[in-house]
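Peer 1: This is the structure I want to talk about, given as structure tokens.
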Amino acid sequence: MASPFPLLPLESHLFSLLLSACPPQLTPRVAGGWVRDKLLGLQSDDIDVAVDEGTGEAFAARVLAYAAEHGIDLRADPTADPTPKKARTAAPPAPPAPPTVAVIQCNPGQSKHLCTATARIYTLSLDFVNLRSETYAASRIPAAERGTALDDAERRDFTLNSLFYNLRSGAVEDFTGRGLADLRARVLRTPLPPATTFRDDPLRALRAVRFASRFGLELDPPVRAALGSAEVRGALLGKVSRERVGIEVEGMLSGKGADPKRSFGLLAAAGLLPAVFPPPPPPHFRVGEGGADVETLQAAPALSPPPPSLPEILSLLPGPFDPSLPRTLHLAFPLLPWSSLQFDEPSSKAGSKLVKRRALPHYAVRDGLKLRTADADAVQLLLAAVPGAKG
């Protein structure tokens, strides 16, 4: 069967190798983002191979063993022109070491909920996993077990990420029955009811915003409603590490296809800004003279009137143009309501009575999102320059 989208020559070589190494009872599939991007006409290097028999690690090892047995060199691109470009006087670089299988253990803090085998084949980095189902308890860390392709599709975040490319049939498989239609209609929908999807893993609420902005998608009305629920806001604050929130926000600011203006607009419309920029928890701060009162600290950050234009901001800042300024502006603007607020932070040293005065926006970026100190400093300086804001 012809592929539903054109394959690069390197992809064709890779998939032929994977099929040649397969035992008859195993069906290898490429899952998720690679299928989505190919259907959108985008190039993707994110190749995740899912198998329905054995483990991803065992299949990856089988592929490497097959290549070694048949004298196939996996270290170079087989489609590259072998003709030397130009004679070199220097000694040629040493050839890369033969590929091996590495195993990434479960790491819930980095959203790795199942062991994943990785290998570099034909200059491509591949992940190998087995099809699985997931169940969640009190945390956002699922218990994973072997499942069917339908189980695997339904446990994914959005229907457009639940598609498979079957290497045996050459067909795209849509086990939820909605992925292909949603991709054509540019609609972001969840395979399961959105309240269930976001309750299982609240970080998916921020991923919904990032994907909708990146691909120009409309939020399915039930998804929009679930994003605005108090349950999702509470779960983001209680179940997701600030590091993971910061990674998603960074993706909204500067990731592939990022549209920070729309991202922060969606966050504001859904009422999620308080979960993205939470104030210091009361047990960990004291309000000092001239500092913020408790009610102000607990007030939600919000998008005020439209931000000043970039030229207007640039005219207020000393020094040359900073290429990171647009990113900083988008990060700073939701914090305008806090621009003049400070709080007294007790020392972390046991028994110390020392306190230091901190600006609330600086805390929101550095501690609330775990971004770089340089980012927090830049946001604070920018807020001081914004008309109507006090530094």
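Peer 1: Spot the failing condition for Leu253; the list is (1) open to solvent by 40 Å² or more (accessible area, probe 1.4 Å); (2) modelled with pLDDT under 95, and only one is missed.
Peer 2: The failed condition is (1).
Peer 1: Are there any pairs, at least 6 apart or on different chains, whose C-beta atoms fall under 6 Å, with the first in the stretch 207-227 and in contact (Cβ under 8 Å) with a residue 24 or more places away in the chain and of a type outside the set (D, E, K, R) and the second open to solvent by less than 10 Å² (accessible area, probe 1.4 Å) and in a helix (DSSP H, G or I), and if so, which?
Peer 2: Close Cβ pairs (under 6 Å, with a partner that is open to solvent by less than 10 Å² (accessible area, probe 1.4 Å) and in a helix (DSSP H, G or I)) amount to Val209/Ser263; Val209/Leu267; Ser213/Ser263; Leu219/Ala212; Ala226/Phe198; Leu227/Ala205.
Peer 1: Something else: Yes or no: the stretch 258-270 includes at least one residue that is part of a loop (DSSP other than H, G, I, E, B), closer than 20 Å to Ala364 by Cα, open to solvent by less than 70 Å² (accessible area, probe 1.4 Å) and at pLDDT 85 or above. First the steps, then the outcome.
Peer 2: First, the residues of the stretch 258-270 that are part of a loop (DSSP other than H, G, I, E, B): 258-259, 270.
Remaining after also requiring closer than 20 Å to Ala364 by Cα: 270.
Those left that are additionally open to solvent by less than 70 Å² (accessible area, probe 1.4 Å): 270.
Checking the rest, the ones that are also at pLDDT 85 or above come to 270.
Checking the stretch 258-270: at least one residue is part of a loop (DSSP other than H, G, I, E, B), closer than 20 Å to Ala364 by Cα, open to solvent by less than 70 Å² (accessible area, probe 1.4 Å) and at pLDDT 85 or above.
Peer 1: Additional query: Looking at the stretch 369-385, I want the residues that are touching a residue at least 24 places away in the same chain (Cβ under 8 Å) and have a partner that is exposed (fewer than 15 other Cβ atoms within 10 Å of the Cβ) with Cβ atoms under 6 Å, at least 6 apart or on another chain. Which pairs are those?
Peer 2: Lys370/Glu243; Ala384/Gly391; Ala385/Leu316; Ala385/Leu317
Peer 1: While we're looking at this one, here's another question. Considering only the stretch 342-368, state which residues are under 21 Å from the mean Cα position of the chain (by Cα) and either surrounded by fewer than 22 Cβ atoms within 10 Å (Cβ to Cβ) or of a type in the set (Asp, Glu) (or both).
Peer 2: As a first pass, look at the stretch 342-368 and keep what is under 21 Å from the mean Cα position of the chain (by Cα): 364-368.
The answer is Arg366, Asp367.
Peer 1: Also, I was wondering about something else. Looking at the stretch 118-129, I want the residues that are over 16 Å from Asp73 (Cβ atoms) and have a partner that is outside any strand (DSSP E or B) and at pLDDT 90 or above with Cβ atoms under 6 Å, at least 6 apart or on another chain. Which pairs are those?
Peer 2: Note: pairs meeting the criteria are Phe128/Gly56; Phe128/Phe59; Phe128/Ala60; Val129/Gly56.
Peer 1: Only one of (1) loosely packed, with under 15 Cβ neighbours inside 10 Å; (2) assigned to a helix (DSSP H, G or I); (3) among the hydrophobic types (A, V, I, L, M, F, W, C); (4) at pLDDT below 80 fails for Phe321. Which number is that?
Peer 2: Looking at each condition in turn, Phe321 falls short on (2).
Peer 1: Please pick out the residue among Ser12, Ser3 that is assigned to a helix (DSSP H, G or I) and either surrounded by fewer than 17 Cβ atoms within 10 Å (Cβ to Cβ) or at pLDDT 95 or above (or both). First the steps, then the outcome.
Peer 2: Details: Ser3 fails: assigned to a helix (DSSP H, G or I).
Within the list Ser12, Ser3, the selection yields Ser12.
Peer 1: Checking the structure you have, find out if any residue of the stretch 238-255 is free of Cβ contacts under 8 Å to residues at least 40 places away in the same chain and within 14 Å of the chain's Cα centre (by Cα). Talk me through it step by step, then tell me what you get.
Peer 2: Initially, the stretch 238-255 is screened for residues free of Cβ contacts under 8 Å to residues at least 40 places away in the same chain, giving 238, 247.
The next check asks that each one be within 14 Å of the chain's Cα centre (by Cα); those that pass are 247.
Within the stretch 238-255, one or more residues are free of Cβ contacts under 8 Å to residues at least 40 places away in the same chain and within 14 Å of the chain's Cα centre (by Cα).
Peer 1: If Val172 satisfies every condition in (1) closer than 13 Å to Asp220 by Cβ; (2) more than 18 Å from the chain's Cα centre (by Cα) but one, which is the exception?
Peer 2: Of the numbered conditions (1) closer than 13 Å to Asp220 by Cβ; (2) more than 18 Å from the chain's Cα centre (by Cα), the odd one out for Val172 is (1).
Peer 1: State which residue pairs qualify: first residue in a loop (DSSP other than H, G, I, E, B) and inside the stretch 68-82, second residue small (Gly, Ala, Ser) in any location, beta carbons under 6 Å apart, and separation of 6 or more residues or different chains.
Peer 2: Leu74/Ala67
Peer 1: Tell me the strands (runs of 3 or more DSSP E) entirely within the stretch 129-218 that contain at least 1 residues that are open to solvent by less than 30 Å² (accessible area, probe 1.4 Å) and at pLDDT below 90. Walk me through how you get there before you give the answer.
Peer 2: Values: elements: 132-135, 143-146, 164-166, 171-173.
Counting at least 1 such residues, we get 132-135.
Peer 1: Of the residues Asp77, Asp73, Asp45, Asp37, only one is open to solvent by 40 Å² or more (accessible area, probe 1.4 Å) and within 26 Å of the chain's Cα centre (by Cα); which?
Peer 2: Of Asp77, Asp73, Asp45, Asp37, the one residue that is open to solvent by 40 Å² or more (accessible area, probe 1.4 Å) and within 26 Å of the chain's Cα centre (by Cα) is Asp45.
Peer 1: When you check Arg62 against the structure, is it crowded, with 18+ Cβ neighbours inside 10 Å and assigned to a strand (DSSP E or B), yes or no? Break it down into steps so the answer makes sense when it comes.
Peer 2: On the way: crowded, with 18+ Cβ neighbours inside 10 Å: yes; assigned to a strand (DSSP E or B): no.
When the stated conditions are applied, Arg62 does not pass them.
The values are calculated or read from the model by the stated rules, or taken from the named source; none is laboratory data. Computed from a predicted structure; not experimentally measured. So basically every Cβ, Gly included, is an ideal-geometry build from the backbone, and we count neighbours across all protein chains shown. Heads up: the accessible areas ignore ligands, DNA and RNA and are worked out on the full protein's heavy atoms, side chains in. Shrake-Rupley method; radii C 1.70, N 1.55, O 1.52, S 1.80 Å.
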